[in-house]
Protein chains: 2
Amino acid sequence: MARSATTMRADILDSAVRLFAAHGFRGTSLQDIATDAGCSKASLLYHFTNKDAILTELLAPVGPEFAALEGRLAGLDGEEAARAAVAGLVDLSLRFRLQVKILLQDVDALINRPELPDVDGLTERLTDALSGRSAAPQARVWAWMAMLGIILTSAGELTLPEETLRAELSRGALRTLGLQTD
Amino acid sequence: MARSATTMRADILDSAVRLFAAHGFRGTSLQDIATDAGCSKASLLYHFTNKDAILTELLAPVGPEFAALEGRLAGLDGEEAARAAVAGLVDLSLRFRLQVKILLQDVDALINRPELPDVDGLTERLTDALSGRSAAPQARVWAWMAMLGIILTSAGELTLPEETLRAELSRGALRTLGLQTD
DNA sequence: ACCCTAGCTGACCGATCGGCCAGCATTTGA
DNA sequence: TCAAATGCTGGCCGATCGGTCAGCTAGGGT
C-alpha cells in the first residue's frame with residue numbers, strides 16, 4: 001500500500017482538477033490523470049467508479065457554497081443585493097478558479113448537473129435586484145458573470161496580485177451593473 | 001453528382017460551425033457533421049483534407065477582419081482608440097457569434113493558430129490606450145473582452161433583440177473600461 | 001455511342017478512449 | 001503465523017475516433 005486511500009484520492013483529484021482546467025474534461029484522458037498522479041489508470045478506477053465520478057467529486061464543494069451565497073442574498077433587496085452578490089461571487093470565483101474554468105469550458109454539457117449551483121436561479125435573483133435600472137438588466141448580469149469567469153481562468157496571461165485582481169473584478173462588475181464605485 | 005462541390009463545401013461548413021459551437025471541436029465527430037450535412041463521413045474528407053482543415057476554413061474570415069480593425073486602431077490614441085476598439089469588437093463579435101464561441105471553448109488549444117487574429121497584439125494595444133487610467137488596465141481589457149465573448153455565446157439564454165444587445169454590450173464595455181457613457 | 005472525370009460511398013485501418021477483471025503485493029488483525 | 005482485506009497493476013475488451021482506399025454512379029464533352 002503506497003499511499004493511504006484518502007491521500008490517493010486527494011492526489012487524483014488534485015491532478016484531475018488541474019488537467020481538466022488546462023485541457024477540458026473531454027480533452028483529458030484517464031491515462032493523463034494517472035500519469036500526473038503517479039499511478040496506473042486502473043488505480044484511478046479503483047478509487048473512483050468512473051471518470052464522471054472524479055468530475056462530480058471535484059465540483060462537489062462548489063454547489064453548497066453558491067447555495068449559501070444565494071441564501072444570503074435572499075434577505076437583501078435592490079442595490080444592496082447586487083453589491084453583496086458581486087462581493088460574494090468574486091470571492092467564490094477566486095477560491096474556485098480551476099473549477100470555474102472547468103465549468104465554463106464545457107458549460108453546455110455541465111450546466112444541468114445536480115451537484116452544481118442553480119445558475120439560472122442566481123441570475124434571476126440578480127436580474128430582479130437590478131430591475132428598473134435598465135431596459136436589459138439580464139444582459140448586464142450575464143455580462144459580468146461571464147467576465148468574472150473568464151478573467152479568472154486567464155491565469156497564464158494575467159499575472160496580477162490577487163488583491164489587485166479582486167479589486168478590479170469588483171469594480172468592473174459594479175460598473176457593468178451600473179452601480180457607483182468609490 | 002448530387003450537389004456541386006461549392007454547395008457541398010458550404011453545407012459542410014454550415015453544419016460544422018453550428019456543431020462546433022454547440023458541442024466544441026473535440027466534442028463533434030466527423031460522423032456528426034456528415035449526418036447533419038446529409039452525406040457520408042468519407043464525403044467530408046473528399047472535400048476537406050481532414051477535420052482540422054474544416055475548422056481552419058470556417059475560422060478563416062475572422063482573422064483578416066480583426067487585422068483590419070487593429071489597423072484602424074493603429075491611427076488612434078487614448079480614449080478615442082478605446083471607444084473605436086469597443087465599437088469594432090462588438091460589431092465583429094456580433095457578426096461572428098458562432099466562431100467566437102468556438103474560439104472561447106477551446107481557447108487554449110486554438111489561440112496560437114496562424115489564421116487567427118493576434119489577440120495578444122490587440123490586448124496590448126488596448127492596454128496602451130488605457131494606460132494611466134488604472135493600476136491594472138490589463139485586467140479591465142481582458143475582463144470586457146471575455147465578457148463580450150461569452151455573452152454573445154449565450155444565445156439560448158439571452159433572447160434580446162440584436163440592437164438592444166449591441167447597445168448593452170457597448171455600454172457595459174465602456175463602463176468596465178472606465179469610460180463615460182451618454 | 002463512348003469514356004473520362006467529378007462526386008460520393010461502404011468497408012476497413014490503427015490509435016485511443018473509458019472501463020473491467022484476475023491476480024499480485026503489502027499490511028493488518030486474530 | 002497465517003488468512004483476510006486493502007491497494008494496486010498489466011492486460012484485455014468493445015466502442016469510437018480520424019483517416020484511407022478501391023470502386024461505384026452519374027453527367028458532360030467528343
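The values are calculated or read from the model by the stated rules, or taken from the named source; none is laboratory data. These figures come from a predicted structure and were not determined experimentally. Glycine also receives a Cβ, built like all others from the backbone with ideal geometry; neighbour counts cover every protein chain displayed. All accessible areas refer to the heavy atoms of the entire protein, side chains included, with ligands and DNA or RNA removed. Shrake-Rupley method; radii C 1.70, N 1.55, O 1.52, S 1.80 Å.
Mind checking how much accessible area B and A bury in total, 1.4 Å probe, in Å² rounded to 100?
On the way: alone 9740 and 9730 Å², together 16790 Å².
Separately minus together, B and A give about 2700 Å² buried.
Compute the label zone of residue B:6 within the stretch B:83-98: residues whose backbone N is under 13 Å from the point 7 Å along Cα-to-Cβ.
So the set is empty, nothing qualifies.
If DNA, RNA and ligands are ignored and the probe is 1.4 Å, what is the ranking of B:106, B:32 by accessible area, most exposed first? Write out the running numbers ahead of the final one.
Values: B:106 25, B:32 70 Å².
Ranking B:106, B:32 by accessible area, largest first, yields B:32, B:106.
Calculate the spin-label point distance for residue B:80 paired with residue A:80, positioning each point 7 Å from the Cα along the beta-carbon direction, and give it in nanometres.
Each label point lies 7 Å from its Cα, and together they span 4.7 nm.
Quick one: compute a quarter of the convex hull surface over the Cα atoms of the stretch B:5-59 and quote it in nm².
3.1 nm²
To the nearest 20 Debye, how big is the dipole of the stretch B:5-59 about its Cα centre, given +1 on the beta carbon of each Lys and Arg and -1 on that of each Asp and Glu? Could you put the intermediate results ahead of the total?
Details: 5 positive and 6 negative charges, 22 e Å.
In debye, rounded to 20, the stretch B:5-59 gives about 100.
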